[in-house]
Each structure stands twice: as structure tokens, then as C-alpha cells.
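The values are calculated or read from the model by the stated rules, or taken from the named source; none is laboratory data. Since the structure is predicted, the reported quantities are computational estimates derived from the model, not experimental observations. Using ideal geometry, Cβ is built from the backbone for each residue, glycine included, and neighbour counts are taken over all protein chains shown. The protein model used for the area step is the full one, side chains on, heavy atoms only, and it has no ligands, DNA or RNA in it. Shrake-Rupley method; radii C 1.70, N 1.55, O 1.52, S 1.80 Å.
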Amino acid sequence: MRRAGAPRTVPQRKTILVVDDAEVIRTYLKSLLPMKGYDVLLAEDGLKAMELLNGGARPDVVVLDVMMPGIDGIETLRKIKQLLPEVPVIMLSVVGKAGTVVDAMNLGAADYINKPFEEEELEIALKKVLEIENLKGDRDDLRERLREVEARERTGFLWASDKMSRIKEILEQVSDADVTILIHGESGVGKEVVARTTHDLSNRRDARFVKVNCAALPEELLESELFGYERGAFTGASSRKAGKFEVASGGTMFLDEIGEMSPKLQAKLLQVLQDGEFSRLGGDTDVRVDVRVLAATNRNLEDMVRKGSFREDLYYRLNVVNVWIPPLRERREEIPVLVDHFRELYSAKYGRELRSISDRLMRGFLEYSWPGNVRELENMVKRIVVLQSEDAIAEEIFGATATAGRAPASAPAPAEAESEAAGSLAGPISLRDIGRKAARDAEREALKRVLYQTNWNRKKAARILEVSYKTLLQKIKECGLGE
């Protein structure tokens with residue numbers, strides 16, 4: 001695995017798969033291409049080509065004839081793009097088949113050459129598509145490096161308080177020790193920031209930092225995401241796929257929401273921590289990796305160990321160094337610094353300058369309880385920048401501050417409620433629409449309350465609300481409550 005940020009190394013020889021039913025073409029290219037510095041794979045038809053690809057062959061370019069018996073070139077191209085969408089395909093077409101060429105280009109062919117062709121034509125086409133692929137790789141590298149730089153810039157503000165400064169001192173002491181670290185705290189306090197900082201301070205800083213949210217996927221999908229799978233491991237597994245542990249080898253793996261991992265996967269993770277190896281889903285051979293594991297949770301793992309829902313041996317393997325991040329309400333001195341940071345960040349991102357937050361709203365921020373912690377503050381500042389108004393946020397903050405510590409106010413009389421609902425809607429509106437709007441508002445408030453109550457533990461929230469996990473995610477999106 002090439003490390004992030006490292007110079008791109010291009011293999012000395014690229015592999016070309018030639019798919020053509022004409023033996024004379026295959027023989028000609030089998031002798032020509034090696035002289036031009038390429039390795040060659042040959043297939044006499046589409047079926048043979050797909051056999052090679054499904055069997056693990058990974059050419060850098062496919063040269064594919066349009067006119068072939070059985071599965072023709074267009075259908076073979078479609079199958080290749082389904083299996084290996086990133087592999088460029090050059091079509092070989094006879095003159096007069098312009099419509100077929102258009103179909104091929106629409107399906108994703110990179111180029112085409114008319115038969116009969118000169119060797120210079122093929123050489124130019126190969127160099128062109130390989131150069132484009134190299135540029136794509138360089139672009140992807142640059143994007144990844146820019147994301148890492150942005151992440152570092154976004155996290156520099158977090159160490160403004162004495163409590164967070166002490167945490168950073170601990171990270172500086174243990175970052176190069178290569179031990180596992182268990183980071184815990186409420187949802188939104190900055191656990192990922194602490195994990196990324198640990199990686200950036202370590203001797204693995206030039207390698208990959210890979211994050212997996214253990215609560216975001218069902219058990220079966222999480223296993224294949226972490227450990228990969230072999231071809232045929234399940235329906236749709238048409239080729240081998242490397243898991244995140246393989247992708248992170250040499251670098252750092254950050255397992256967020258580790259408390260949501262099933263007992264079966266806990267056992268497999270324990271094997272990785274103990275032996276540095278695992279088997280892919282559907283595989284019978286071990287894969288060795290060199291990965292530092294950081295884990296985070298907003299749950300009480302010690303309590304889970306006592307109840308038997310989390311493995312004790314895994315807990316002690318993860319908890320070599322324990323870092324607890326206090327909630328934002330216990331480090332309020334950071335709030336002005338955080339507000340300024342997010343204001344500048346989103347003003348630049350959305351091109352909407354916001355010079356400052358009013359003193360009144362800042363006082364409200366300092367008194368607010370912040371159940372969603374730093375993430376909630378970030379979202380509020382983002383909304384102020386986008387809307388160019390503090391009104392909606394001020395209503396939320398001062399309403400929450402005013403009602404904190406006392407019972408909810410009694411509901412308005414039906415007539416008052418109907419009047420308020422009608423007053424908030426401009427123009428003619430039916431009673432049915434008023435009812436729908438009231439239901440949507442009530443659903444959003446109930447969803448928001450349960451998410452904060454569970455510290456954004458979506459699985460727990462879905463259980464409380466008695467809906468499926470998928471339905472909960474859809475409702476969060478519909479209500480605009482994304483983190």
C-alpha cells in the first residue's frame with residue numbers, strides 16, 4: 001500500500017489485456033507490446049476475458065475488439081466496467097461502425113482505434129490513457145493531502161483550554177510509543193480530533209489515517225468493511241476486496257463507536273491486536289498487517305464488561321492509555337475561541353462574511369448546556385453564517401436556557417395552537433396542510449430530543465423510537481439534523 005503523501009511510484013511495466021477473436025491480431029500484439037515495454041494477457045473472446053478478470057487478473061489497460069462472436073465487444077465492455085470501472089478500455093473498430101463506437105464511448109471506453117491500425121496509433125493511444133490514469137492518481141493524492149491539511153487546520157483551535165492542553169501533553173508523551181489508546185467522552189466533544197492529533201504526532205504520520213464508524217454499519221457489512229472479503233464470499237462478491245485494516249497497514253486505524261461492535265467482531269479485532277493478522281471474509285489464509293489502533297466511545301465500557309456485552313480481554317487490550325475528553329459545558333472558556341474559528345472557517349467556505357457574533361448571543365452560548373458539545377456549536381455557527389442571521393439560533397439558545405431546570409410549559413389551547421400554525425404559513429392553506437406541518441415539527445423535535453438524550457447513539461435512538469436503523473437515518477436527513 002503506497003503511503004499517503006508519498007511520491008507516486010509508477011511500475012516499470014504495465015499490463016495490457018488484448019481481447020480479439022482474430023488470432024493474427026493476438027499474435028501480432030503478443031510480439032509487439034513486450035518490445036514497447038508492456039506485459040501482455042490474451043483472450044480470444046469476451047467470455048475468456050471475463051474469466052481472466054474474475055480470476056484476479058488486473059490489467060492496466062484493456063484493448064478490446066468490437067466485433068466478436070458470442071459476447072460482442074459492447075457487452076464485454078459493459079461487464080468490464082461493472083467489475084473494474086477504473087480500468088481504461090481502448091476499442092478496436094472497423095471503419096463504418098461509427099454508431100457502435102459512440103455506444104462504446106457512452107459506456108466508458110477511453111479511446112478507439114480503427115482497424116487496420118499502425119503500431120504508432122496503438123502506442124499513442126496506450127500512452128495517452130496511461131498518462132490520464134497517472135494524472136487521476138496524482139489528483140486523488142492531492143485531494144487526500146488537502147483533506148489532511150484541512151483536518152489539521154480545523155483541529156488547531158481545540159487546545160485552547162487548560163483541560164485540553166493537558167490532554168495534548170499526554171498525546172505528545174505516548175504518540176510514538178505505538179500503544180493502543182481508548183478515547184472516551186460524550187458525542188461531539190472532539191474524539192476524532194484527538195485521534196487525528198495522535199496520528200499526526202506519531203512516527204506513522206506519513207502513512208494512512210483510516211476511520212471506521214462501528215455504529216454506522218450492520219454487523220455483516222462492518223465485518224467486510226474492516227477485514228475485506230474474497231471473491232465468492234457472498235452474493236455480489238465478484239472479486240477480492242481489501243478491508244480497511246489492509247488499507248491502513250503502516251498507519252493508524254481509528255475505530256469510532258467501538259462499544260457498538262458485536263461480540264463476533266470483537267473476537268476478530270482481538271486477534272488483530274494480539275497477532276497482527278486476520279482472515280478476510282470467506283478466506284482461509286491469514287493476512288498480516290502493521291496497524292496502530294485507536295478506539296473511541298461515548299459508552300461506559302467498564303459497565304458493558306460487567307454486563308457481558310463487551311469482552312474483558314479486548315477492553316484491556318484497547319485501554320493501554322485512557323484519554324477522557326470533558327464535555328464543552330465543563331470547558332466553557334473555549335467557546336469564544338471555537339465560535340471565532342467556525343465563523344472564519346464557514347465565512348471563507350461559503351463566501352458569506354460574518355464579522356462577529358453579538359455580545360447577547362455570546363452570553364447565551366456561555367450559559368447554554370451544549371448537549372451536542374462542539375459539534376452542536378459548529379452547526380449553530382454554520383447556520384448563522386449561511387443564513388446571515390442570528391435570529392433562529394438565538395430563539396433556540398435563549399428558549400433552552402430559559403426553560404432549563406423547570407418543567408415544560410403547558411401546551412397552548414387548541415385554538416391558540418391552530419392560530420399559531422396558521423399564522424406561520426403565508427397565503428391560503430388547508431387544515432390538512434396545517435396538520436402535516438405540525439406533525440413534521442413535532443417529529444423533528446422528538447427526534448432531536450432523543451438524539452441528544454442518547455448522545456447521538458443512533459442504534460439506541462432507533463430502539464427508543466421503535467423504528468429501524470435505516471428509517472432513523474432517513475428521518476435525520478429529512479429533518480436536517482445531520483451531524
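Tabulated data
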| read-out | value |
| --- | --- |
| Interchain or long-range residues, amide H under 5 Å from Leu41's placed H | Ile16, Leu17, Val18 |
| For segment 215-227, Karplus couplings with θ = phi - 60° (6.51, -1.76, 1.60), whole Hz, Gly/Pro x | 8, 8, 10, x, 3, 5, 5, 5, 4, 5, 5, 6, 10 |
| Interchain or long-range residues, amide H under 5 Å from Gly283's placed H | Glu230 |
| Largest-first ordering by accessible area, 1.4 Å probe, given options Lys211, Lys459, Lys191 | Lys211, Lys459, Lys191 |
| Heavy atoms of Lys127: accessible area, 1.4 Å probe, square angstrom to 10 | 120 Å² |
| Packing-based order for 222-231, 114-123, using average beta carbon neighbours within 10 Å, highest first | 222-231, 114-123 |
| Accessible solvent surface per residue of segment 34-121, calculated while the other protein chains remain in place, 1.4 angstrom probe, Å² | 48 Å² |
| Table column - 3J(HN,Hα) (Hz), segment 176-191, Karplus curve with 6.51, -1.76, 1.60, x for Gly and Pro | 8, 6, 6, 8, 6, 10, 9, 9, 9, x, 5, 4, x, 7, x, 5 |
| 5 angstrom amide H check on Lys211, placed H, neighbours 5+ away | Phe254 |
| Per-residue HN-Hα couplings for segment 375-384 [Karplus 6.51, -1.76, 1.60; θ = phi - 60°; Hz; x = Gly/Pro] | 4, 5, 4, 4, 5, 5, 5, 4, 5, 5 |
| Among 63-69, 299-305, 277-283, 172-178, the order from most to least packed when residues are scored by Cβ within 10 Å on average | 63-69, 277-283, 299-305, 172-178 |
| Pairs beyond 31 Å (Cα-Cα), from Lys79/Lys268; Lys30/Lys244; Lys264/Lys382; Lys241/Lys459 | Lys79/Lys268; Lys30/Lys244; Lys264/Lys382 |
| Segment 213-268: C-alpha gyration tensor shape, a/c 1.5 cut-off, then a/b vs b/c | oblate |
